[in-house]
Amino acid sequence: MMPQTSKAGRTDAGYTYVAMLVVLVGLALAAQVTSVPSATTAKRAIEEQIIFEGRAYRDAIARYWAFGEEPSYPASLDDLLNDPRGPNVRHIRRLYNPDGWRLEYGADGGFQGVVPNRTDAPLKQSGFPVDLSEFEEAATYEGWVFRFVPEEEG
């Protein structure tokens, strides 16, 4: 079968090929624009890990507080792992990246929370769970304070 010729005597066979190339280039550009860079994906994974570890520490501090006869905050991360007030009492399974956290001390000398030891800006700025809503719009990870505050009785 011979390619059709136009009135001017040219063939129309190449136009479909050019149109397909234009479509493919457009699809490739769209895919490149919508893909997430691997650095962004890695930082999101780090943020999920920070949230997991921070909640684990905050919950362990709460268990430490509730365990003793007289409530108090732990003096060190090791106290969460091995409570000195009772034999074989653990409030956390293991210490998560102890060098990655700074302790936030309370009035009684013990620590009531942990803060990530990072000064860079987080990607996540909104959409936090209710218990972490104070993290919204934090300028740095230092704004992500995982603090246990006992409920007031009364």
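The values are calculated or read from the model by the stated rules, or taken from the named source; none is laboratory data. Just so it is clear, the structure is predicted and the values come from calculations on it, not from any experiment. Here the Cβ positions follow ideal geometry from the backbone for every residue, glycine too, while neighbour counts run over all protein chains shown. Calculation scope for accessible area: heavy atoms of the full protein, side chains included, ligands and nucleic acids excluded. Shrake-Rupley method; radii C 1.70, N 1.55, O 1.52, S 1.80 Å.
For this structure, a couple of remarks:
- Any pair with Cβ under 7 angstrom, 6 or more apart, that starts in region 127-154 at a residue that is within 16 Å of ASN117 (Cβ to Cβ) and ends at one that is of a type in the set (S, T, N, Q) and open to solvent by less than 60 Å² (accessible area, probe 1.4 Å): ARG147/GLN112
- Residue selected from region 126-154 under the condition touching a Ser or Thr at 6+ places or on another chain (Cβ under 8 Å) and not in a loop (DSSP other than H, G, I, E, B), by the criterion surrounded by the fewest Cβ atoms within 10 Å (Cβ to Cβ): GLU142
- Meets criteria (surrounded by 15 or more Cβ atoms within 10 Å (Cβ to Cβ) and either touching a strand residue (DSSP E or B) at 6+ places or on another chain (Cβ under 7 Å) or among the hydroxyl-bearing types (Ser, Thr, Tyr) (or both)) for TRP65: no
- Test: residue in region 55-68 that is of a type in the set (Asp, Glu), modelled with pLDDT of 95 or more, at negative phi and within 16 Å of the chain's Cα centre (by Cα): no
- Residues located in region 105-125, provided they are within 14 Å of ILE51 (Cβ to Cβ), open to solvent by 70 Å² or more (accessible area, probe 1.4 Å) and either basic (Lys, Arg) or without any contact (Cβ under 8 Å) to a residue 12 or more places away in the chain (or both): ARG118
- Residue-level check: of (1) open to solvent by 30 Å² or more (accessible area, probe 1.4 Å); (2) part of a loop (DSSP other than H, G, I, E, B), HIS91 misses just (1).
- When residues of region 15-62 are limited to those that are of a type in the set (S, T, N, Q) and assigned to a helix (DSSP H, G or I), the one surrounded by the most Cβ atoms within 10 Å (Cβ to Cβ): GLN49
- Each residue in region 68-82 was checked for being more than 17 Å from GLU151 (Cβ to Cβ) and either surrounded by 19 or more Cβ atoms within 10 Å (Cβ to Cβ) or among the polar types (S, T, N, Q) (or both), and 5 of them qualify.
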